[in-house]
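All remarks here apply to the structure that follows.
The values are calculated or read from the model by the stated rules, or taken from the named source; none is laboratory data. Computed from a predicted model, the values in this text were never measured in an experiment. Backbone-built Cβ (ideal geometry, glycine too); neighbour counts: all protein chains shown.
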Ligand code: SF4
């Protein structure tokens, strides 16, 4: 079984053509700027939308201070829902199959995103295997996985969207909770594999948009012969979903500062830039 929290049916952002994107639950990283915090936990969670809330407290009262299944029925505004579903690979593919004609006609396909898809390797590999020959398969990943799991996924997809965040290992650990060693190692594997891929860098103000980090990143990519990158300026709405989960959004950077893209640095290293 796999755990997913959303399926987006007409995505034009997660690879070539029109795509169906499966957002898988669970991520080993805790990026300080994460705008999908509902994808971090591997478990289903009850979430409360803020818009329209009467602050009557009925939802928490029904659950004894926390949100539970009982909270759903007592909310007069219908604002409580369970985020996360367990699904078998067979059921997942059944859900996808009816849309394949349209996805394929657009030159698109299916993208497994998250959370971190490589963190549920058995489910991911089964789904990718079942889609073989039926559509274009992609994964969107932080690259944080063992080299064995990464190699297995690479064999089973036609395209990879790969995030690079910070080159300095200590800073990477500070801002994402994990060391970047296996991420850089898997990136090397990807860049030399011949598999089509795109590198994406979320630009976080004063965290990884520094001249130092951008220069190190461009050098690293250029040494591996990578010639294009997509930059994603920090999403100012990133904090919005934390309240839904009953969490506070805490950063040690100023989200109101526009990030620097330093496109000239990438261009200096022969890397074409697209800002998303
Ligand atoms: S029951 Fe619904 S309206 Fe009342 S506090 Fe909870 S979410 Fe808000």
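Among the residues of the stretch 100-121, is there at least one that is farther than 24 Å from residue 18 by Cα and part of a helix (DSSP H, G or I)? Within the stretch 100-121, one or more residues are farther than 24 Å from residue 18 by Cα and part of a helix (DSSP H, G or I). Filter the stretch 42-60 for residues that are within 8 Å of the ligand (Cβ to nearest atom) and either surrounded by fewer than 17 Cβ atoms within 10 Å (Cβ to Cβ) or in a helix (DSSP H, G or I) (or both) and give the result. Passing the criteria: 49, 52, 53, 54, 55, 56, 57, 58, 59, 60. Of all residues in the stretch 26-62, those satisfying the criterion of being at pLDDT below 90 and outside the structural domain of residue 253 (by TED's automatic domain parsing) are 50, 51. Would you call residue 166 under 21 Å from residue 119 (Cα atoms), assigned to a loop (DSSP other than H, G, I, E, B) and in the same structural domain as residue 238 (by TED's automatic domain parsing)? Considered against the rule, which asks whether it is under 21 Å from residue 119 (Cα atoms), assigned to a loop (DSSP other than H, G, I, E, B) and in the same structural domain as residue 238 (by TED's automatic domain parsing), residue 166 comes out as yes.
For the criterion of being surrounded by 14 or more Cβ atoms within 10 Å (Cβ to Cβ), modelled with pLDDT under 95 and more than 30 Å from residue 63 (Cβ to Cβ), residue 254 fails. Filter the stretch 61-78 for residues that are assigned to a helix (DSSP H, G or I) and without any contact (Cβ under 8 Å) to a residue 24 or more places away in the chain; which is farthest from the ligand (Cβ to nearest atom)? Selected residue: 69.
Yes or no: residue 86 at pLDDT 95 or above, away from the ligand (no atom under 16 Å from the Cβ) and surrounded by 15 or more Cβ atoms within 10 Å (Cβ to Cβ)? Criteria not met by residue 86.
When residue 116 is tested against (1) touching a helix residue (DSSP H, G or I) at 6+ places or on another chain (Cβ under 7 Å); (2) in the same structural domain as residue 189 (by TED's automatic domain parsing); (3) touching a residue at least 40 places away in the same chain (Cβ under 8 Å), just one condition goes unmet, and that condition is (1). Within the stretch 28-41, restricting attention to residues that are under 15 Å from residue 244 (Cβ atoms) and touching a helix residue (DSSP H, G or I) at 6+ places or on another chain (Cβ under 8 Å), the residue that is nearest to the ligand (Cβ to nearest atom) is 38. Scanning the stretch 80-112 for residues that are under 20 Å from residue 43 (Cα atoms) and touching a strand residue (DSSP E or B) at 6+ places or on another chain (Cβ under 8 Å) gives 80, 81, 82, 83, 84, 85, 86, 87, 88, 89, 92, 112.
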